[in-house]
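The values are calculated or read from the model by the stated rules, or taken from the named source; none is laboratory data. Source: prediction; values computed, not measured. Glycine gets a Cβ as well: all are built from the backbone with ideal geometry, and neighbour counts include every protein chain shown. To get the accessible areas, we keep the full protein, side chains included, count just its heavy atoms, and leave off ligands, DNA and RNA. Shrake-Rupley method; radii C 1.70, N 1.55, O 1.52, S 1.80 Å.
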Amino acid sequence: MIQVDPGYNFADWRESARGLLEADLSPDQVLWEKAGQGSLFAEAAPLPAPKSAITFQVPPAFVDLARAAICHADLQRWALLYRILWRLVKCSEKHLLEIVSDPDVVRARTMAKNVRREIHKMHAFVRFRKIGEAETGRERYVAWFEPEHEVIAGAAPFFRDRFANMDWSIFSPKGCVHWIGGEMRFTPGVAKNPCDSPDELEEIWRTYYRNIFNPTRLKEKMMKLEMPRRYWKNLPEATLIPELIQASRTRTQDMLEEPGRDLRPVPNNRYLRGLQEMSVPYGDGIAPVEKTPLAELTRMVDACRACPLWERATCAVFGKGPENARLMIVGEQPGDREDLLGQPFVGPAGQLLDRALAEAGVDRSTAYVTNAVKHFKWEARGKLRLHKNPDRIEVEACKPWLLAELNSIAPAVLILLGGTAAASLLGPKVKVTRDRGLIDAPHLAAKVIVTVHPSFLLRIPDEERKREEYLRFVNDLRLALG
Amino acid sequence: MRHYGFDVGEILPSDAPNLDLRIDPKLAWALRNRQEFPMNVQTAPRARLVRVPGLGVRNVDRLLQIRRHTFVRLADLTRLRVSLKKVMPFLITADHFPASGLLDGDRLLARLAPRPQQMELFAL
């Protein structure tokens, strides 16, 4: 049995293994031990001369496997890898690595997996401490880590890529790596942490960690699986963990027992209103905010999508009039001319209304005039756009705008023209024919008058009746005085 | 269904329109279709092999790799971390053939269904 020094890395081992293969020495004839540890079972004799000068074909998968497994801490690793190599090359088990259930292959693959895992953990758990700046202006950091396997060389490239701008060193019992001035160097391991005192950022890091710890999402087993306890002694945040775990139960319990807070009312400021205008149009339940000034409402209403009428209308026709008006007049919806001009009651019905108001002695300029529905609903009749009555859903959808106007103006007298306006504010039971005149609805205004809509007057074919109805209409309007 | 190629009618046949509450759908299918078993791990096609209760897609792919070069034995299955208790009635390996009474009979379901677990009353 001969003793072979496995060397310090994969290249050394490969060299020795090649020599052994050439010497045709089977695995049970070889003892892999570092030189200087004299063994009773073997002699540290030089390898016998190669019997043949054949090169060996080794699947690349073996090289990858060996590179990883060789870093493992198990002292049997070299012997194991040589045994696999021997079987691959000399025993014509060319496909050995594909037989993943072979005991040797299983062992080697487990070793490789553990090494890779350790490298990953090293990436995660190395904590640097700043020890000042070099004369060159590059910051200098040191870290201490205690890996289970020899992964310093395997994990170093990650840190080099990540912290290329700084000078850093990672010390560990299994070897040290230094990145100084853009050069990477490896030195032998040290027994103790050379930098024992924490830097200023450590306390900040611990505070940060304590604050981002979420007690309601704690899964202790999972946490310890991902962050095994054996790394804790070198993690500055680890001392906080037991108390955080302890407190998490009570903290979660407190959170569950805390009574729900009332929703704060939506603040009334320009920024939010601007957002409202830009974002989700009313149709998802965001009604215009109460006590919004009329100017803002006028701008917002064009974006309303609460009902489909906006698609076929030219624009939304909001109410017009002084904000401190004593009298508010509500019609049904804008007509053809109103839709084109964007003003309420400027068409034929509007002109009739003006006349009637003047006759009744009411000054229209002091009144606020609006409609129950703000978009023109129409169907085409040749070139003409024929007015269509808005249905209940559309009236209901437009109601918040009307209510906002009502709240803003808070008129003393409210005139509702036509069945739609009346139904919108008083409910469907109101019939203009039956309940015409003053109506008791103090929640809307001190005086509420229900009457016909001027467009109804326009449509009466009989001249006689038309005049009668017109006079009745003017009488109703007179009720607004006094 | 995506990985094992099950059809809806296989998982929920017309005479059993609800999933069994004690066992997983794959095992339920296997118990309903005992005529398919036992399968030979050395020769069965992949689509049939994935239907064996206890063999998942990953392990079946490993077995396909292994069986090209060697005979699959129970020890291989153990090293692949396969539950032998689940697999043995349904699979034939180089060193195992399920006993004739194993696959038949109603005791199979009782043996394979997981034990009912007492839940905690005060779990958070």
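How would you classify region A:200-257 from its alpha-carbon gyration tensor, with a ≥ b ≥ c the square roots of the eigenvalues: rounded for a/c under 1.5, else prolate if a/b is greater than b/c, otherwise oblate? Taking the square roots of the gyration eigenvalues as a ≥ b ≥ c, region A:200-257 is oblate.
Shielding of peptide B:67-73 by partners, expressed as the average count of other chain Cβ atoms within 10 Å per residue Cβ, is 3. Taking Cα atoms only, the orientation of helix A:103-125 departs from the longest principal axis of chain A by about 60 degrees. Within the shell defined by Cβ-Cβ distances under 15 Å, the residues around B:Gln35 carry a net charge of +1, with Lys and Arg each +1 and Asp and Glu each -1. Shielding value for A:92-101 is 5, the average number of Cβ atoms from other chains within 10 Å of each residue's Cβ.
In summary, the lysines within cross-link reach of A:Lys320, defined as a Cα separation below 27 angstrom excluding same-chain residues under 8 places away, comprise A:Lys291, A:Lys374, A:Lys377, A:Lys388, A:Lys399, A:Lys431, A:Lys447. Per residue, the accessible area of the protein assembly as shown comes to 58 Å², computed with a 1.4 Å probe over protein heavy atoms only.
Computed FRET efficiency, Cβ-Cβ of A:Lys466 and A:Leu263, R0 41 Å: what is it to the nearest 0.05? About 0.15, to the nearest 0.05.
Chains A and B together bury roughly 900 Å² of accessible surface, counting both sides and using a 1.4 Å probe on protein heavy atoms.
Taken residue by residue and averaged, Cβ atoms of other chains lying within 10 Å of the Cβ of A:117-130 number 0. Between region A:210-237 and region A:329-348, what is the separation of their alpha carbon centroids in Å? Region A:210-237 and region A:329-348 have Cα centres separated by 68 Å.
The mean sequence separation of alpha-carbon pairs under 8 Å and at least six residues apart, normalised by the residue count of chain A, gives a relative contact order of 8 percent.
Where does the charge balance sit around A:Arg140 when Lys and Arg score +1, Asp and Glu -1, over other residues with C-beta under 12 Å from its C-beta? Intermediate values should be presented prior to the final figure.
Working: positive: A:Arg129, A:Lys130, A:Arg138; negative: A:Glu133, A:Glu135, A:Glu139, A:Asp167, A:Asp199.
So the surrounding residues net to -2.
Here's the list of aspartates and glutamates a cross-link from A:Lys121 could span, going by alpha-carbon distance under 14 Å and ignoring same-chain residues fewer than 8 apart: A:Glu146, A:Glu148, A:Glu150, A:Glu226. Judged by the mean number of other Cβ atoms found within 10 Å, the most tightly packed of the peptides B:66-72, A:253-259, A:23-29 leads the ranking B:66-72, A:23-29, A:253-259. For chain B, the longest principal axis of the C-alpha atoms and the axis of helix B:57-67 are separated by about 20°.
Return the lysines within reach of A:Lys90: Cα separation strictly under 30 angstrom, same-chain partners fewer than 8 residues apart disregarded; answer none if there are no such residues. Counting by Cα, and skipping residues close in sequence, A:Lys90 has these lysines nearby: A:Lys34, A:Lys51, A:Lys113.
Computed over protein heavy atoms with a 1.4 Å probe, the carbon and sulfur contribution to the accessible area of the protein assembly as shown reaches 54%. The Cα center of region A:118-166 and the Cα center of region B:67-84 differ in position by 42 Å. In sequence order, region A:320-337 has phi-based couplings of 9, x, x, 6, 9, 4, 8, 10, 10, 10, 10, x, 9, 7, x, x, 4, 5 Hz under the Karplus curve 6.51 cos²θ - 1.76 cosθ + 1.60, θ = phi - 60°, and Gly or Pro positions carry x.
Other residues with beta-carbon under 12 Å from the beta-carbon of A:Pro334 carry, at +1 per Lys or Arg and -1 per Asp or Glu, a net charge of +1. When you restrict to C-alpha pairs under 8 Å that are six or more residues apart and normalise by the size of region A:200-257, the relative contact order lands at 51 percent. Roughly how tilted is helix A:152-162, in degrees to the nearest 10 and between 0 and 90, from the longest Cα axis of chain A? Tilt of helix A:152-162: around 30 degrees.
Expressed as a rounded percentage, what relative contact order does chain B have, with Cα pairs under 8 Å and six or more residues apart?
Relative contact order of chain B: 24 percent.
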